[in-house]
C-alpha cells in the first residue's frame, strides 16, 4: 500500500473517540494476541472489514480507495495471517470473532457495519452472534454459508482435497515479489483486464521474509484449522438464524476464475434466505471471487453500497 502512513491510534483519541486523520497501519490487541490493521479515514463511524482464508487486510485496498473518504474503513489481519501474531492455536470462527471484538473495543468502536469477504464473512457472522452489541449490520461478500457436503464424502478427505494446492503454495518460496506477481498473473484468477495496482499491493503484502526466500505469511496450521470449520454446518446455520441486524450479501458472477461456477448460485441464496429472511442479495456481473473486491468494477460498486448500507444501518458515532 504505497504511501501509507504510520500513526498510533491508541494515542490519538479524544474523549474516547477514535480519531485518525490519515491512512495508517498499526497493531491492536486481540484476544490475547496482537493483530495488524490498516485504517483509511473518512466521515462517520468506521466500517470493520475482514478478509478471507489466506488473505490480509490489503484485500480491501481497492474498496478503501473507492470509498474516497466517504466512510472510514478499519481492516484487520486475522490471527495467523499477514503481520498479525500466529499462535499454534486456537483458531476457528468463534476465536476470530473474539479477536475482532477485542480489537473493536480497543479502538473504541461502537456498533458497526462489519463487512467480510469469503472466510471473513463467516467471522463477521460469528462476531454478530457472539457480540451483537458491536454489530449494527453485516455485508457478506461471497461468503458466510457453506452448503451440505456431498453425500459420502468424509470431512477430512474433503478438507485435504480443498487444501492440497493452496497448502503446497503456502510452503513455496519465491525469489522476489515480482516473481510472485508473475506467478499469479499467469493464472486465471485475475483476468488481464482486472490486473491493477491493488492486486499487486495485495500480493506484495502477502509475502514475508527476505529475497530470495520470500514465502506467504499465512500460517498453515491456522488455514487448516479454519477451513475445517467450513464443514461444521450446524454451527454456521445456528449463527445465521440468530442474526437480528440488516444483512446484505454480495456475490461474484463466477467462482475462483471466470470459467468456474459461482460459489453462491441463486439456489444457495434461497437456502440462506430461509435462515436470514431479511437478507438483501446483489450479484456483480463480470466478477470472480477475487476481482469482486480487487477489481475496479467490483470495488467501485461495493464502496457505493457500503456508504448506502451504513447510512441505513446508522451505526453509532463514538
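Provide a single number: the residues in the stretch 259-278 that are buried (at least 16 other Cβ atoms within 10 Å of the Cβ), in contact (Cβ under 8 Å) with a residue 40 or more places away in the chain and part of a loop (DSSP other than H, G, I, E, B).
Number satisfying all stated conditions: 2.
Residues checked against (1) buried (at least 24 other Cβ atoms within 10 Å of the Cβ); (2) under 16 Å from the mean Cα position of the chain (by Cα):
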residue	(1), (2)
39	yes, yes
47	yes, yes
50	yes, yes
56	yes, yes
62	yes, yes
69	no, no
89	no, no
92	no, yes
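Please work out if residue 49 is under 13 Å from residue 99 (Cβ atoms) and either modelled with pLDDT under 95 or assigned to a strand (DSSP E or B) (or both).
It is false that residue 49 is under 13 Å from residue 99 (Cβ atoms) and either modelled with pLDDT under 95 or assigned to a strand (DSSP E or B) (or both).
Restricted to the stretch 20-35, and to residues that are free of Cβ contacts under 8 Å to residues at least 40 places away in the same chain and assigned to a strand (DSSP E or B), which residue is nearest to residue 65 (Cα to Cα)?
By that ranking, first place goes to 24.
Looking at the stretch 181-198, which of the residues that are over 21 Å from the mean Cα position of the chain (by Cα) and in a helix (DSSP H, G or I) is surrounded by the fewest Cβ atoms within 10 Å (Cβ to Cβ)?
Restricting to residues being over 21 Å from the mean Cα position of the chain (by Cα) and in a helix (DSSP H, G or I), the top hit is 192.
Looking only at the stretch 204-220, which residues are in a helix (DSSP H, G or I) and closer than 28 Å to residue 64 by Cβ?
Hits for the stretch 204-220 are 204, 205, 206.
Determine whether the stretch 221-232 contains at least one residue that is in contact with a helix residue (DSSP H, G or I) (Cβ under 9 Å, 6 or more places away or on another chain) and assigned to a strand (DSSP E or B).
No, the stretch 221-232 contains no residue that is in contact with a helix residue (DSSP H, G or I) (Cβ under 9 Å, 6 or more places away or on another chain) and assigned to a strand (DSSP E or B).
Give just the number: which of (1) closer than 20 Å to residue 293 by Cα; (2) part of a helix (DSSP H, G or I); (3) modelled with pLDDT under 95 does residue 201 not satisfy?
In the conditions (1) closer than 20 Å to residue 293 by Cα; (2) part of a helix (DSSP H, G or I); (3) modelled with pLDDT under 95, residue 201 misses (3) alone.
So in the stretch 142-166, with the set limited to residues that are more than 23 Å from residue 250 (Cα to Cα) and at pLDDT 75 or above, which one is surrounded by the most Cβ atoms within 10 Å (Cβ to Cβ)?
Only one residue tops the list, namely 166.
Out of curiosity, is residue 286 touching a helix residue (DSSP H, G or I) at 6+ places or on another chain (Cβ under 8 Å), part of a loop (DSSP other than H, G, I, E, B) and surrounded by fewer than 19 Cβ atoms within 10 Å (Cβ to Cβ)?
So residue 286 passes the test.
So for the stretch 251-274 (the condition being touching a helix residue (DSSP H, G or I) at 6+ places or on another chain (Cβ under 6 Å) and farther than 20 Å from residue 79 by Cα), does at least one residue qualify?
Yes, the stretch 251-274 contains a residue that is touching a helix residue (DSSP H, G or I) at 6+ places or on another chain (Cβ under 6 Å) and farther than 20 Å from residue 79 by Cα.
Tell me whether the stretch 232-241 contains one or more residues that are in contact with a strand residue (DSSP E or B) (Cβ under 9 Å, 6 or more places away or on another chain) and under 30 Å from residue 184 (Cα atoms). It would help to see each step written out before you state the result.
As a first pass, look at the stretch 232-241 and keep what is in contact with a strand residue (DSSP E or B) (Cβ under 9 Å, 6 or more places away or on another chain): 240.
Now restrict to residues that are under 30 Å from residue 184 (Cα atoms): none.
No: zero hits.
The values are calculated or read from the model by the stated rules, or taken from the named source; none is laboratory data. For clarity, every value in this text was computed on a predicted model and none was experimentally measured. A quick note on method: Cβ atoms are made from the backbone with ideal geometry, for glycine too, and the neighbour counts reach across all protein chains shown.
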